[in-house]
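Asker: Dumping the structure here so I can ask a few things about it.
The values are calculated or read from the model by the stated rules, or taken from the named source; none is laboratory data. Note that the structure is predicted; figures quoted are calculated from it, not measured. Positions of Cβ are backbone-derived with ideal geometry, glycine not excepted, and every protein chain shown enters the neighbour counts.
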Amino acid sequence: MSRQETMLRNFELYLEENLPVVDGFHPHFQKALGEILKAGGKRFRPLLLLSVVDICSPLLLQNSYPVALGLEMLHTYSLIHDDLPSMDDANLRRGYPTLHVTYDEVTAILSGDALNTDAFLKISTAPLSDKIKIELVKILAQNGGSGGMVIGQAIDCEFEDRVLMQRELEFLHLNKTAKLIAASLLMGATICELDKNSKTAIYNFGLNLGLLFQVQDDIIDATQSQEEAGKPTGNDEHKNSFVNLLGLEGALRYKKKALEALHVELKKLDKNLATRLDTIVKGYFNG
């Protein structure tokens, strides 16, 4: 087992041991929170955060698990809300029925709300200095809120069935997808107290990685079955996706160029960190 695989396995164990505990007599609210977190997924954002720490400050790796869990909680909240009937109305996520299907829409909305706020509670109680924790909360709030993921989702929903220009499409996905991925890397760099130039370089790498992640997701939606993807596919016809704008061949060319741009950004990073991130990119994007 590689060091990366061991790290992810340990994070998964930490997640399972630290699922939200809800006081009260609601018949299924705590179960709903646990189900969606345990459902898995790629753990891509925690992997990025923990990989930075593992390379740059390995002694802080264990202390970083609560931060990685907070990050995963916020990401999971966004998926729950994205799947709601008022948005994508999806019935499957990570190979499992979505919460509003298993339970009801109220449970799904409130589960998302709980994970959103509990994410910051988890980060605020991590065994790190107060100065670093404040900066981590700031990074996640800036990139996960109205200045990032939320405005991206708002634009995505508002402009369904209306074609955007490529620069507008990139703005949408830089905010909806890329900024949280970039924040994951920046949060790892913040834990390690890297210098300002290193933080800027790793954040810019993350933005490019996020666009690559999105175009890959659009290609999967157009080419894979629901069973293969673990979520509904073929549902992007009303969305502003790279495949809809550029066609499948055009999206594949965009992916190729994005990979090339990513490798340029990799050269600006610490050599050992660049090697680890390159391995992740190749593993996820067949780069």
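So that you can scan it fast, the table gives a plain yes or no per residue for (1) closer than 30 Å to residue 276 by Cα; (2) charged (D, E, K, R); (3) part of a helix (DSSP H, G or I); (4) out of contact with any strand residue (DSSP E or B) (no Cβ under 8 Å at 6 or more places or on another chain):
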position	(1), (2), (3), (4)
143	yes, no, yes, yes
153	no, no, yes, yes
157	no, no, yes, yes
174	yes, no, yes, yes
179	yes, yes, yes, yes
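Asker: To continue, here is another question. Which of the residues that make up the range 258-287 are assigned to a loop (DSSP other than H, G, I, E, B), among the hydrophobic types (A, V, I, L, M, F, W, C) and closer than 13 Å to residue 212 by Cβ?
Answerer: Initial filter on the range 258-287 (assigned to a loop (DSSP other than H, G, I, E, B)): 267-270, 286-287.
If we keep only those that are among the hydrophobic types (A, V, I, L, M, F, W, C) as well, we get 269.
Across the range 258-287, there are no qualifying residues.
Asker: Filter the range 76-130 for residues that are crowded, with 21+ Cβ neighbours inside 10 Å, in a loop (DSSP other than H, G, I, E, B) and not hydroxyl-bearing (Ser, Thr, Tyr); which is modelled with the lowest pLDDT?
Answerer: The selected residue is 88.
Asker: Restricting attention to the range 87-99, does a residue exist that is in contact (Cβ under 8 Å) with a residue 40 or more places away in the chain, under 20 Å from the mean Cα position of the chain (by Cα) and at positive phi?
Answerer: yes
Asker: While we're looking at this one, here's another question. Within the group 63, 10, which residue is closer than 28 Å to residue 266 by Cβ, in a helix (DSSP H, G or I) and in contact (Cβ under 8 Å) with a residue 60 or more places away in the chain? Spell out the reasoning first.
Answerer: Working: 10 fails: in contact (Cβ under 8 Å) with a residue 60 or more places away in the chain.
63 is the lone residue from the list that is closer than 28 Å to residue 266 by Cβ, in a helix (DSSP H, G or I) and in contact (Cβ under 8 Å) with a residue 60 or more places away in the chain.
Asker: Which residues, taken from the range 101-131, are within 30 Å of residue 91 (Cβ to Cβ) and β-branched (Val, Ile, Thr)?
Answerer: Residues satisfying the conditions are 101, 102, 106, 107, 109, 117.
Asker: How many residues, within the range 24-60, are closer than 28 Å to residue 272 by Cβ, among the basic types (Lys, Arg) and in a helix (DSSP H, G or I)? Give the derivation first.
Answerer: Looking only at the range 24-60, we keep the residues that are closer than 28 Å to residue 272 by Cβ, and these are 41-60.
Going one step further and asking which of them are among the basic types (Lys, Arg), we end up with 42-43, 45.
Subset that is in a helix (DSSP H, G or I): 45.
Qualifying residue count, the range 24-60: 1.
Asker: Can residue 53 be described as touching a residue at least 24 places away in the same chain (Cβ under 8 Å) and either surrounded by fewer than 18 Cβ atoms within 10 Å (Cβ to Cβ) or under 18 Å from the mean Cα position of the chain (by Cα) (or both)?
Answerer: Taking the combined requirement at face value, the residue satisfies it.
Asker: Is the range 193-210 home to any residue that is free of Cβ contacts under 8 Å to residues at least 12 places away in the same chain, among the hydroxyl-bearing types (Ser, Thr, Tyr) and either in a helix (DSSP H, G or I) or farther than 28 Å from residue 93 by Cβ (or both)?
Answerer: Taking the range 193-210 first, the residues free of Cβ contacts under 8 Å to residues at least 12 places away in the same chain are 195-197, 200.
From the residues that got through so far, the ones that are among the hydroxyl-bearing types (Ser, Thr, Tyr) too are 200.
Filter once more, so that each one left must be either in a helix (DSSP H, G or I) or farther than 28 Å from residue 93 by Cβ (or both): 200.
Checked the range 193-210: at least one residue is free of Cβ contacts under 8 Å to residues at least 12 places away in the same chain, among the hydroxyl-bearing types (Ser, Thr, Tyr) and either in a helix (DSSP H, G or I) or farther than 28 Å from residue 93 by Cβ (or both).
Asker: In the set 129, 146, 184, 124, which member is under 26 Å from residue 60 (Cβ atoms) and either among the acidic types (Asp, Glu) or without any contact (Cβ under 8 Å) to a residue 12 or more places away in the chain (or both)?
Answerer: Numbers: 146 fails: under 26 Å from residue 60 (Cβ atoms); 184 fails: either among the acidic types (Asp, Glu) or without any contact (Cβ under 8 Å) to a residue 12 or more places away in the chain (or both); 124 fails: either among the acidic types (Asp, Glu) or without any contact (Cβ under 8 Å) to a residue 12 or more places away in the chain (or both).
Every option except 129 fails the conditions.
Asker: Scan the range 160-174 and give yes if some residue there is under 21 Å from residue 49 (Cβ atoms) and out of contact with any Ser or Thr (no Cβ under 7 Å at 6 or more places or on another chain), otherwise no. Please lay out each step first, then the result.
Answerer: Pass one, the range 160-174, residues under 21 Å from residue 49 (Cβ atoms): 173-174.
Next, from what is left, pick out any that are out of contact with any Ser or Thr (no Cβ under 7 Å at 6 or more places or on another chain): 173-174.
Within the range 160-174, one or more residues are under 21 Å from residue 49 (Cβ atoms) and out of contact with any Ser or Thr (no Cβ under 7 Å at 6 or more places or on another chain).
Asker: Quick one: is residue 5 of a type outside the set (Phe, Trp, Tyr), part of a helix (DSSP H, G or I) and under 20 Å from residue 275 (Cβ atoms)? Don't jump to the end; show me each part of the working.
Answerer: On the way: of a type outside the set (Phe, Trp, Tyr): yes; part of a helix (DSSP H, G or I): yes; under 20 Å from residue 275 (Cβ atoms): yes.
So residue 5 passes the test.
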